[in-house]
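Inspection log for the structure reproduced underneath, given as structure tokens.
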Amino acid sequence: MREDFWSKADYDLLIRLYREGMTTADIARELGRSPAAVATKGSRIGLYALTREELSGPRVSVRDCINPVGPHPFVSPGIHNRTCTECKRSAIFQAA
Ligand SMILES: [Zn+2]
């Protein structure tokens with residue numbers, strides 16, 4: 001079971017398999033990680049918050065959120081989208 005750093009390739013695979021409708025358990029097996037790790041990571045990058053419509057877009061990808069305090073990867077529905085929903089809502093980002 002892998003517990004190391006998630007590379008962009010790992011995120012891309014997670015997103016692709018999720019878009020294909022695979023379950024968390026199946027995705028975990030493909031990635032060689034625990035289902036809990038997949039669930040946590042998917043939730044952290046906002047994967048499960050996206051609608052089916054957003055997910056089916058041709059430009060869905062992992063991008064770096066430009067949060068000035070702590071840039072981090074998130075699932076972005078398009079190249080124009082460089083800030084995750086959570087940071088958009090946060091006071092820290094609004095004040096920056
Ligand atoms: Zn963010």
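The values are calculated or read from the model by the stated rules, or taken from the named source; none is laboratory data. Everything numeric here is computed off the predicted structure, so don't read it as measured data. No Cβ is skipped: glycine too gets one built from the backbone with ideal geometry, and neighbour counts run over all protein chains shown.
Annotations for the structure displayed:
- Conditions (1) of a type outside the set (Val, Ile, Thr); (2) modelled with pLDDT under 90; (3) not in a helix (DSSP H, G or I); number of the one not met by residue 54: (3)
- Complete set of residues in the range 60-82 that are outside any loop (DSSP other than H, G, I, E, B), polar (S, T, N, Q) and either over 10 Å from the mean Cα position of the chain (by Cα) or within 11 Å of the ligand (Cβ to nearest atom) (or both): 76
- Within the range 28-49, tally of residues that are in contact with a Ser or Thr (Cβ under 8 Å, 6 or more places away or on another chain) and surrounded by 16 or more Cβ atoms within 10 Å (Cβ to Cβ): 5
Residues checked against (1) surrounded by fewer than 13 Cβ atoms within 10 Å (Cβ to Cβ); (2) without any contact (Cβ under 8 Å) to a residue 40 or more places away in the chain; (3) polar (S, T, N, Q); (4) in contact with a Phe, Trp or Tyr (Cβ under 6 Å, 6 or more places away or on another chain):
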residue: 22; (1), (2), (3), (4): no, yes, no, no
residue: 51; (1), (2), (3), (4): yes, yes, yes, no
residue: 56; (1), (2), (3), (4): yes, yes, yes, no
residue: 60; (1), (2), (3), (4): no, no, no, no
residue: 64; (1), (2), (3), (4): no, yes, no, no
residue: 68; (1), (2), (3), (4): yes, yes, no, no
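- Against the list (1) at pLDDT 90 or above; (2) under 14 Å from the mean Cα position of the chain (by Cα); (3) in a helix (DSSP H, G or I), the condition residue 30 fails is (2).
- Test: residue in the range 7-18 that is modelled with pLDDT under 90, acidic (Asp, Glu) and at negative phi: no
- Residues that are part of a loop (DSSP other than H, G, I, E, B) and either of a type in the set (Val, Ile, Thr) or modelled with pLDDT under 95 (or both) within the range 33-45 comprise just one, 45.
- Odd one out for residue 33 among (1) touching a residue at least 24 places away in the same chain (Cβ under 8 Å); (2) closer than 16 Å to residue 76 by Cα: (2)
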